[in-house]
Amino acid sequence: MSYSEFLQQKTQYRGMSGFDPDDLPPFLFPFQKDLTRWALMKGRAAIFADTGLGKTPMQLVWANQVMRHTNKSVLILTPLAVAAQTIREAAKFGIEAQRSSGTIPINPHILVANYERLHHFNPDDFGGVVCDESSAIKAFDGKRRAMVTEFMRTLPYRSLWTATAAPNDYIELGTSSEALGELGQVDMLNRFFRNNQNTSSLKIAWRTQGGAQNKWRFKGHAEDAFWRWVCSWARALRKPSDYGYDDDGFILPPLTEREHIIDVAEPLPGMLFTLAAQNFYEERIERRRTIRERCEMAANLANTKNSVVVWCHLNDEGNLLEKLIPDSVQVSGADSEEKKEAVYIGFTDGSIRVLIIKPKIGAWGMNWQHCNHVITFASHSYEQYYQAVRRCWRFGQKKEVVVDLIASEGEKNIKNNMRRKAEAADRMFSRLVAHMNDAIKIDSDRNFNTQEKIPAWL
């Protein structure tokens with residue numbers, strides 16, 4: 001064994017385990033071709049690309065190439081209601097894909113299914129799997145994460161695609177790493193991070209320390225190594241220029257965010273005026289007692305001639321909004337998949353002017369560039385807010401997008417917390433792109449010099 005081989009064994013990097021693809025279709029932009037080719041050559045890879053950068057055509061091409069290479073079917077997993085849109089996109093690009101609820105065709109196909117139907121499939125039937133909006137698997141101790149990770153474990157070709165890989169902290173990248181067969185999440189933490197409890201248990205640190213992202217810190221020597229390791233299996237970008245390409249055609253229009261604070265006439269019993277809620281219990285009370293005032297404000301703001309999407313969080317909010325906005329249609333969790341898809345199509349083609357929906361139902365994967373007005377209520381979840389806004393404010397949108405955020409006087413802390421998370425997430429993704437570009441450059445420079453420096457004593 002040479003000294004360079006010995007050093008390579010001591011690192012956490014893994015080489016390319018994929019294949020060199022055939023000619024990629026011309027409908028992909030140059031940066032999309034490069035990302036797709038790299039993901040295929042890597043074999044098990046993640047693409048953290050912002051909304052509107054074409055993750056759907058890239059993952060369809062990736063799946064088509066893997067299907068042809070392995071002569072086996074490839075499964076594309078999507079959030080609820082995104083499966084139909086993926087199939088329509090495939091038809092638009094001339095790629096054959098079909099929805100499946102568990103039946104595997106005799107000949108290789110690209111099959112599209114919701115994450116909720118994963119238990120109907122056997123990984124032995126597939127040559128590869130695509131996880132669309134893969135941030136769905138990042139929740140700590142989540143059942144979905146465990147199921148998806150186990151399903152992918154034996155597959156030679158795997159890919160993850162999302163715009164929000166780690167909205168709260170870098171350590172959430174460990175869930176993606178584990179799903180791809182790189183370092184497990186706890187192994188990643190032990191190698192690159194340290195915590196104040198001196199324990200390797202993420203579960204303990206998270207529950208007892210009020211959030212793992214506040215307690216896990218890079219080891220003194222590990223930050224550069226961490227990013228070089230991440231860029232060995234992932235690529236992140238917000239715009240083509242992050243990957244060295246021209247941004248022509250990928251420049252977002254202006255975004256205007258307006259805040260509306262509702263002052264409720266009657267404070268809580270025993271109070272002279274409304275105070276900001278201090279805990280989840282008080283927040284639930286405040287949200288329930290201000291439903292009418294907040295929904296009336298939303299209805300007034302939606303009283304235009306243009307398309308509007310209204311995001312709510314409670315069934316009572318959705319039902320009241322539907323009554324207050326005459327030309328609106330609500331999508332609820334109780335609706336069938338067929339009804340949801342019909343409403344999405346109607347909203348996209350303009351036959352439905354106002355769509356009322358919860359973020360957990362429709363905030364991931366939908367393309368609504370025809371709409372430039374978003375109305376939403378305050379929430380602690382920055383990821384839900386970001387994804388909800390980006391359904392409309394995405395590449396391909398031609399108009400300025402207006403976001404109306406509605407909160408009561410007692411929900412100020414919720415609103416402020418979400419703003420804080422938004423600022424932190426923006427800084428973090430910018431650092432993620434910068435670190436990865438630096439790490440990619442370092443590794444590229446190293447590739448020009450295959451001669452390892454041997455210590456003098458050898």
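When you look at residue 348, is it in contact with a Phe, Trp or Tyr (Cβ under 7 Å, 6 or more places away or on another chain) and without any contact (Cβ under 8 Å) to a residue 24 or more places away in the chain, yes or no? Steps first, please.
Values: in contact with a Phe, Trp or Tyr (Cβ under 7 Å, 6 or more places away or on another chain): yes; without any contact (Cβ under 8 Å) to a residue 24 or more places away in the chain: yes.
Yes, satisfied.
Hey, among the residues in the stretch 332-344 that are of a type outside the set (Asp, Glu) and either under 18 Å from residue 405 (Cα atoms) or free of Cβ contacts under 8 Å to residues at least 60 places away in the same chain (or both), which one's surrounded by the most Cβ atoms within 10 Å (Cβ to Cβ)?
In the first step, residues of the stretch 332-344 are kept if they are of a type outside the set (Asp, Glu); the result is 332-334, 336, 339-340, 342-344.
Imposing the further condition that a residue be either under 18 Å from residue 405 (Cα atoms) or free of Cβ contacts under 8 Å to residues at least 60 places away in the same chain (or both) reduces the set to 332-334, 336, 339, 342-343.
Numbers: 332: 16, 333: 11, 334: 7, 336: 8, 339: 13, 342: 16, 343: 21.
The qualifying residue surrounded by the most Cβ atoms within 10 Å (Cβ to Cβ) is 343.
Being in a helix (DSSP H, G or I) and of a type outside the set (Ser, Thr, Tyr) is the requirement here; does residue 172 meet it? Before you say what the answer is, go through the steps one by one.
Numbers: in a helix (DSSP H, G or I): yes; of a type outside the set (Ser, Thr, Tyr): yes.
Against the criterion (in a helix (DSSP H, G or I) and of a type outside the set (Ser, Thr, Tyr)), residue 172 qualifies.
Does the stretch 120-134 contain at least one residue that is over 23 Å from residue 177 (Cα atoms), modelled with pLDDT under 95 and outside any helix (DSSP H, G or I)?
Checked against the condition, which is being over 23 Å from residue 177 (Cα atoms), modelled with pLDDT under 95 and outside any helix (DSSP H, G or I), the stretch 120-134 yields no hits at all.
Take the stretch 25-55 and flag every residue that is in a helix (DSSP H, G or I) and surrounded by fewer than 22 Cβ atoms within 10 Å (Cβ to Cβ).
From the stretch 25-55, those in a helix (DSSP H, G or I) are 30-42, 55; that's our starting set.
Matches in the stretch 25-55: 30, 33, 34, 37, 38, 41.
Is there a residue being more than 19 Å from residue 82 (Cα to Cα) and either assigned by TED's automatic domain parsing to the domain that holds residue 59 or among the acidic types (Asp, Glu) (or both) anywhere in the stretch 367-387?
Start the filter on the stretch 367-387 by keeping residues that are more than 19 Å from residue 82 (Cα to Cα), which leaves 372-382.
Applying the additional criterion that residues be either assigned by TED's automatic domain parsing to the domain that holds residue 59 or among the acidic types (Asp, Glu) (or both) yields none.
The answer is no; no qualifying residue exists.
All but one of (1) at pLDDT 90 or above; (2) touching a Pro at 6+ places or on another chain (Cβ under 8 Å); (3) closer than 24 Å to residue 237 by Cα hold for residue 152; state the number of the condition that does not hold.
Among (1) at pLDDT 90 or above; (2) touching a Pro at 6+ places or on another chain (Cβ under 8 Å); (3) closer than 24 Å to residue 237 by Cα, residue 152 violates only (3).
Step by step: first the residues of the stretch 171-197, then only those that are closer than 16 Å to residue 231 by Cβ and within 14 Å of the chain's Cα centre (by Cα), then the one that is modelled with the lowest pLDDT. Which residue is that?
173
Tell me, which residue of the stretch 364-384 that is hydrophobic (A, V, I, L, M, F, W, C) and in contact with a Lys or Arg (Cβ under 7 Å, 6 or more places away or on another chain) is surrounded by the most Cβ atoms within 10 Å (Cβ to Cβ)? Please lay out each step first, then the result.
First pass over the stretch 364-384, keeping only residues hydrophobic (A, V, I, L, M, F, W, C): 364, 366, 368, 371, 374-375, 377-378.
Subsequent filtering for residues that are in contact with a Lys or Arg (Cβ under 7 Å, 6 or more places away or on another chain) retains 366, 368, 377-378.
Details: 366: 23, 368: 20, 377: 27, 378: 25.
That would be 377.
Quick check, is residue 145 basic (Lys, Arg), assigned to a helix (DSSP H, G or I) and modelled with pLDDT under 85? Full working, then the answer.
Details: basic (Lys, Arg): yes; assigned to a helix (DSSP H, G or I): yes; modelled with pLDDT under 85: yes.
Yes, satisfied.
Kindly provide the set of residues from the stretch 68-98 that are part of a strand (DSSP E or B), in contact with a Ser or Thr (Cβ under 9 Å, 6 or more places away or on another chain) and not hydrophobic (A, V, I, L, M, F, W, C), ordered by number. Show your work before the answer.
Looking only at the stretch 68-98, we keep the residues that are part of a strand (DSSP E or B), and these are 73-78, 97-98.
Checking which are in contact with a Ser or Thr (Cβ under 9 Å, 6 or more places away or on another chain) leaves us with 73, 75-78, 97.
Once the filter is applied, which keeps residues that are part of a strand (DSSP E or B), in contact with a Ser or Thr (Cβ under 9 Å, 6 or more places away or on another chain) and not hydrophobic (A, V, I, L, M, F, W, C), the stretch 68-98 yields 73, 78.
Does residue 400 meet the test of being of a type outside the set (Gly, Ala, Ser) and either surrounded by 21 or more Cβ atoms within 10 Å (Cβ to Cβ) or under 22 Å from the mean Cα position of the chain (by Cα) (or both)?
Details: of a type outside the set (Gly, Ala, Ser): yes; either surrounded by 21 or more Cβ atoms within 10 Å (Cβ to Cβ) or under 22 Å from the mean Cα position of the chain (by Cα) (or both): no.
Spelling it out, it is not the case that residue 400 is of a type outside the set (Gly, Ala, Ser) and either surrounded by 21 or more Cβ atoms within 10 Å (Cβ to Cβ) or under 22 Å from the mean Cα position of the chain (by Cα) (or both).
Could you please find all residues in the stretch 342-370 being under 21 Å from the mean Cα position of the chain (by Cα) and of a type outside the set (Lys, Arg)?
344, 357, 359, 361, 362, 363, 364, 365, 366, 367, 368, 369
Step by step: first the residues of the stretch 374-414, then only those that are small (Gly, Ala, Ser) and assigned to a loop (DSSP other than H, G, I, E, B), then the one that is modelled with the highest pLDDT. Which residue is that?
Going through the stretch 374-414, the residues small (Gly, Ala, Ser) turn out to be 378-379, 381, 388, 396, 407-408, 410.
Still in the running and assigned to a loop (DSSP other than H, G, I, E, B): 378-379, 381, 396.
Numbers: 378: 86, 379: 83, 381: 81, 396: 81.
By that ranking, first place goes to 378.
The values are calculated or read from the model by the stated rules, or taken from the named source; none is laboratory data. All values derive from a computational prediction rather than experimental measurement. Positions of Cβ are backbone-derived with ideal geometry, glycine not excepted, and every protein chain shown enters the neighbour counts.
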